[in-house]
Amino acid sequence: MNIRPPTDSRFGAGTATHSLFDALQKHVLDRITPALDAALGDADDYLFDLSQKGDEDLGLGALREMRRARAQIVQGFRSQVTARFTVLATCRAMTGEGGAGSGLDAGLSLLSDQDLEQQLAVEQLAAAVLRTHGPAFEIASKRMAVVAGSAKLERRDDPLDPVFLASAMGHAMVDQNLSDELRIIMFKFFERELDSALGDLYERCNALMASAGILPELKASAATAQPRRAPPQQAQPHPTDSNQVEALQRDPATQAGAPQMGMPQMGMPGGAVQAPMQVNVADQAMFANMLGQLQGWRVAMGLNTGVGTAGPMGGMAAPGPTLGTNDLLSILSLMQRDAAPILPESGHGGDAGLSIAAQLRKHMGQSARKLGVAGDNVNLDGLDGDAVDLVALLFDVLLDGPQYDTRIRQKIGRMLVPCVKAAVKDRRMFLMKEHPARKLLNTVAEACEGNRGEEPQERELLDHVDHTIDRLVAEFNEDVAIFETLEQELRSFMAQHRKRFELVERRTTEAQWGRERLDSARETALRDIESRRGERDLPPVIADFLSRHTAHHLVQVALRDGVDSVRYDRALTTVDGLLAALDRAAAGRWPDPACPLPEAGLLEILSSAGFTDAAAHAAHDALNELLARMAAGQAVPEADARIATQVVPVEQVAPPKLEVVADNAHLDFDAGVLDRIKALKVGDWLQLATADQRFAPAKVSWISPISARLLLVNRRGIRVLVASAQELAAMVALDKIRLREGQTAFDDAMHQMVDRLQSVNAER
């Protein structure tokens with residue numbers, strides 16, 4: 001190929017090269033700087049809308065950060081671009097070599113100055129825009145390398161490369177010390193604007209360099225010279241509120257052809273009119289986090305955006321044609337009609353240990369061939385690929401662990417294809433808690449979790465779940481409303497089902513409350529008696545009277561009137577009077593008119609213990625006789641039939657021991673876990689280990705106001721555990737209890753997805 005150096009009749013060769021660098025720099029700044037400024041403006045509007053909805057964190061707080069740093073970000077970006085061109089021009093003029101790796105790259109490296117999220121955001125942004133502008137960039141990058149005097153410029157050294165442009169923006173944001181969430185949002189909006197600006201930039205830069213004699217005959221290679229696909233048509237949001245519509249239009253995902261990192265589309269497909277659903281800010285940040293790490297997960301798992309024949313370790317064969325959204329939906333509809341199980345009977349992992357994502361790709365490739373799609377492997381559009389992989393990962397996490405047996409995994413796994421199809425059509429599923437597909441999956445998981453089918457009512461519920469999933473597979477076509485209909489029907493059935501156990505749970509709670517009050521009253525009565533007895537060596541008759549009759553009376557008064565009541569104080573005064581009379585008798589001073597037995601109080605205690613009036617007076621006489629014998633120095637009897645009755649003695653109540661941590665003098669637990677357990681409320685759920693090493697859901701049914709212990713019941717309302725927060729924290733350390741990260745199965749799975757993505761990327 002004929003490569004000519006840049007020439008200009010007015011200048012020498014070096015001056016011509018420098019002039020070419022200046023012209024290229026001007027093209028970049030004139031087209032990308034306005035795109036960046038527009039992206040920051042859109043982000044400002046987006047954050048303002050959030051702040052108007054009362055979001056004090058991601059809305060108002062981020063808006064303040066944005067407005068403080070906006071001008072500095074634009075200026076920082078311009079400085080990075082100018083510095084890059086200066087380095088290239090200087091190196092070319094001084095040494096005749098390119099500027100690859102010469103200073104600026106180190107300054108822009110995200111490996112040490114940014115976390116993994118921003119690095120992946122840069123990579124995904126570049127990959128997304130190059131799906132549209134790949135052929136033009138290929139030519140521009142080769143010509144730019146010739147201008148720089150280099151065989152090939154590294155991507156972060158090439159000022160025309162989206163990787164450099166995104167890195168320059170990221171470096172400018174690092175200098176402003178912005179939050180991770182705000183940087184991700186700004187990347188999303190910049191991606192959309194950059195996608196619009198690059199076409200004109202590459203056209204002008206290629207024309208400029210070709211006219212200067214830089215590879216004028218160069219054409220795009222066959223691998224990249226693919227025609228630009230028309231983006232799938234997105235339905236417009238229903239104009240129920242002008243502010244809402246404007247906010248949706250500013251959302252990058254509502255624009256046609258939104259790139260991979262764009263926010264999910266907010267309009268319903270097919271023009272369906274639906275009530276607006278609110279975006280949960282926490283879910284939005286979590287979703288952005290997952291998107292930022294998804295590509296790294298694909299690389300680590302040996303996956304790409306292709307579907308078809310699985311290679312070693314789940315990797316895919318060489319990429320083929322790209323499927324449009326309508327083609328993908330046709331493939332998924334065929335899989336839904338075939339009802340072929342994605343999850344094998346032996347478990348949830350797939351053949352040869354493949355993940356659900358790899359299994360899903362394999363089945364999609366088989367269905368694609370049935371529809372006549374050429375090639376062993378086809379690609380998915382960026383947004384479609386994200387939706388497919390996120391739902392597959394969701395099911396992988398949801399069905400992992402011992403809380404579901406194989407039969408239940410198979411049951412829930414039949415929802416995989418309909419949920420993938422729903423996510424492709426409407427990606428709000430990961431953003432909105434009220435999304436119909438999300439709600440149905442939560443309700444099905446709730447019905448199945450901990451349900452072994454051991455009782456007729458449990459089997460009836462599982463049968464209804466089967467009926468619900470059968471209808472979903474048979475009836476879901478283009479309208480996600482079927483999810484809402486089925487969820488309401490299943491929820492209604494579960495409400496009737498749950499009423500059978502509400503009475504059991506209420507009785508369980510009342511019984512535990514009564515037991516707690518009784519235990520507390522016993523402990524208080526015995527403690528008050530022991531504190532007044534002190535170190536005295538009591539005659540057996542007196543000791544028996546206090547531990548049996550007096551303690552029984554104190555417990556009854558405490559339960560009925562409370563320990564602060566007049567009756568309780570009068571009973572303790574009686575105990576004090578009896579012990580004072582005993583001291584006088586032991587000293588030989590009895591009877592003592594100044595310190596007689598408290599007859600009225602003793603008769604009240606005896607009456608409470610079941611004595612009749614005559615028997616109570618006889619017992620009082622027996623106590624007088626006992627004291628008289630002691631004062632006279634005579635032996636006292638071991639027992640007296642006039643005092644002994646059939647009242648059940650009050651035994652010392654030992655603090656409850658938890659079987660799984662019995663004999664542990666010092667419970668071992670994490671302080672952070674303890675704080676989470678103390679924050680649990682009535683109605684919250686956690687996972688409790690069962691005897692067969694599985695986990696079943698346990699509900700916090702009641703928290704004792706006396707001991708602060710938590711009563712846990714199963715879905716049938718039966719008590720399964722009563723323990724303190726410290727004991728529960730120790731059980732977490734022993735993996736006998738697992739805390740939920742979210743209130744629902746979907747929420748919990750999303751948190752686990754983030755953890756899994758971060759773990760996989762950290763190991764790369």
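The values are calculated or read from the model by the stated rules, or taken from the named source; none is laboratory data. Remember, predicted model here, so these are calculated numbers, not experimental data. Reconstructed Cβ throughout: ideal geometry from the backbone, glycine too, with neighbour counts over all protein chains shown.
Structure data summary
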read-out: Exclusive hit being more than 50 Å from the chain's Cα centre (by Cα) and surrounded by fewer than 20 Cβ atoms within 10 Å (Cβ to Cβ), set 528, 537, 561, 519; value: 537
read-out: Residue satisfying condition, being in contact with a His (Cβ under 9 Å, 6 or more places away or on another chain) and either surrounded by fewer than 24 Cβ atoms within 10 Å (Cβ to Cβ) or in a helix (DSSP H, G or I) (or both), within set 434, 460, 446, 454; value: 460
read-out: Residue in the range 373-411 that is modelled with the highest pLDDT, counting only those that are among the small types (Gly, Ala, Ser) and crowded, with 24+ Cβ neighbours inside 10 Å; value: 387
read-out: Residue within the range 579-586 that is in a loop (DSSP other than H, G, I, E, B) and surrounded by 14 or more Cβ atoms within 10 Å (Cβ to Cβ) present; value: no
read-out: Residue within the range 684-705 that is under 19 Å from residue 451 (Cβ atoms), β-branched (Val, Ile, Thr) and touching a Leu at 6+ places or on another chain (Cβ under 9 Å) present; value: no
read-out: Residue, farthest from the chain's Cα centre (by Cα), within the range 500-516, restricted to residues that are hydrophobic (A, V, I, L, M, F, W, C) and under 19 Å from residue 556 (Cα atoms); value: 511
read-out: Residue satisfying condition, being touching a helix residue (DSSP H, G or I) at 6+ places or on another chain (Cβ under 7 Å), of a type outside the set (Phe, Trp, Tyr), farther than 16 Å from residue 449 by Cα and at pLDDT 90 or above, within set 711, 667; value: 711
read-out: Breaking point among (1) more than 19 Å from residue 458 (Cα to Cα); (2) in contact with a Ser or Thr (Cβ under 6 Å, 6 or more places away or on another chain), for residue 719; value: (1)
read-out: Residue selected from the range 683-700 under the condition in contact with a strand residue (DSSP E or B) (Cβ under 6 Å, 6 or more places away or on another chain) and of a type outside the set (A, V, I, L, M, F, W, C), by the criterion surrounded by the fewest Cβ atoms within 10 Å (Cβ to Cβ); value: 684
read-out: Any chance residue 20 is surrounded by 16 or more Cβ atoms within 10 Å (Cβ to Cβ) and either more than 23 Å from residue 211 (Cβ to Cβ) or modelled with pLDDT of 90 or more (or both); value: no
read-out: Subset of the range 446-466 (residues that are in contact with an Asp or Glu (Cβ under 9 Å, 6 or more places away or on another chain) and at pLDDT 90 or above); value: 464
read-out: Leading residue by the ranking (nearest to residue 74 (Cα to Cα)) among those in the range 186-207 that are aliphatic (A, V, I, L, M) and at pLDDT 90 or above; value: 194
read-out: Residue list for the range 676-696, restricted to those being under 16 Å from the mean Cα position of the chain (by Cα) and under 15 Å from residue 405 (Cα atoms); value: 687
read-out: Condition check for residue 149: more than 24 Å from residue 119 (Cβ to Cβ) and in contact (Cβ under 8 Å) with a residue 40 or more places away in the chain; value: yes
read-out: Which listed residue, of 525, 511, is of a type in the set (Gly, Ala, Ser), at pLDDT 90 or above and either over 30 Å from residue 423 (Cα atoms) or outside any helix (DSSP H, G or I) (or both); value: 525
read-out: Helices (runs of 4 or more DSSP H) contained entirely in the range 90-159, each with at least 3 residues that are at pLDDT below 55; value: 104-108, 110-113
read-out: Selection status of residue 67, modelled with pLDDT of 85 or more, charged (D, E, K, R) and assigned to a helix (DSSP H, G or I); value: no
read-out: Residue check for residue 152: assigned by TED's automatic domain parsing to the domain that holds residue 39 and closer than 14 Å to residue 42 by Cβ; value: no
read-out: Every residue from the range 587-615 that is within 19 Å of residue 523 (Cα to Cα) and either in contact with a Lys or Arg (Cβ under 6 Å, 6 or more places away or on another chain) or not in a helix (DSSP H, G or I) (or both); value: 609
